[in-house]
Amino acid sequence: MIEIVLRGRGVAKFRGEGEALVTRQGISFFGGVDPEMGVVRERGHEIFGADMTGRVLVFPKGKGSTVGSYVLYQLRKNGHAPAAIINVETEAIIVAGCILAEIPLVDRLDADPISTIRNGDWIEVDGRTGYVRVRRG
């Protein structure tokens, strides 16, 4: 088993773990994600049809409407939130949504998470310390 430890900026101060779901494209939670099912529904998106429920979602940054923050909260209420989010560089929509929904959020890692983390890796995210542990087996 390979284990990689990354360090970044802890943004939403919660902890979570799960299987990685990685995309090189930004995500718009408002209109791009089904808040009832946790599935990416943006046509043409690299992970179209993927279920983020209980997974660690790794993507560059959010995009779109400020309503996306509320969609993250809806995902939590509906039991379909990601276990954690890792961004290259996060922004206000994702930050607010993660804090409301108590989803751990880390960004500015010491290595590019999109090229370091692979789909299926087991990821532990500590939003308090900014540590990310990647296990590949």
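A short reminder: the numbers here are calculations on the coordinates, not readings from a lab. This one's a predicted model, so the numbers in the text were calculated from it and none came from an experiment. Glycine also receives a Cβ, built like all others from the backbone with ideal geometry; neighbour counts cover every protein chain displayed.
For the stretch 70-121, what class follows from the C-alpha gyration tensor (a ≥ b ≥ c being the square roots of its eigenvalues): rounded when a/c is under 1.5, otherwise prolate if a/b is larger than b/c, else oblate? Write out the running numbers ahead of the final one.
Details: a/c = 3.12, a/b = 1.58, b/c = 1.98.
Cα axes put the stretch 70-121 in the oblate bin.
Could you give the nm distance between label points at K13 and M37, where each point is 7 Å from its Cα heading toward the beta carbon?
3.8
Quote the relative contact order of the stretch 23-137 in percent (integer), defining contacts as alpha-carbon pairs under 8 Å separated by 6+ residues. Please list the in-between numbers first.
On the way: 234 pairs, mean separation 25.5, N = 115.
Normalised by residue count, the contact order of the stretch 23-137 is 22 percent.
In degrees, nearest 10, range 0 to 90: what is the angle between the Cα axis of helix 92-101 and the longest Cα principal axis of the chain?
Value to nearest ten degrees: 90.
Tell me what the chain gives for mean residue ellipticity at 222 nm when only DSSP H runs of n ≥ 4 count, each as -39,500 (n - 2.57), the sum divided by the residue total, rounded to 500 deg cm²/dmol. Don't jump to the answer; show the numbers that get you there.
Values: 4 runs with 28 residues, N = 137.
Computed ellipticity for the chain at 222 nm equals -5000 deg cm²/dmol.
What does the convex hull of the alpha-carbon atoms of the chain project to on average, in nm²? Write down the numbers at each step before the final one.
Details: hull surface 26.8 nm².
Projected over every direction and averaged, the Cα hull of the chain covers 6.7 nm².
Rounded to the nearest 0.05, what FRET efficiency do R118 and E46 give with R0 = 22 Å and r taken as the Cβ-Cβ distance? Could you check?
0.95
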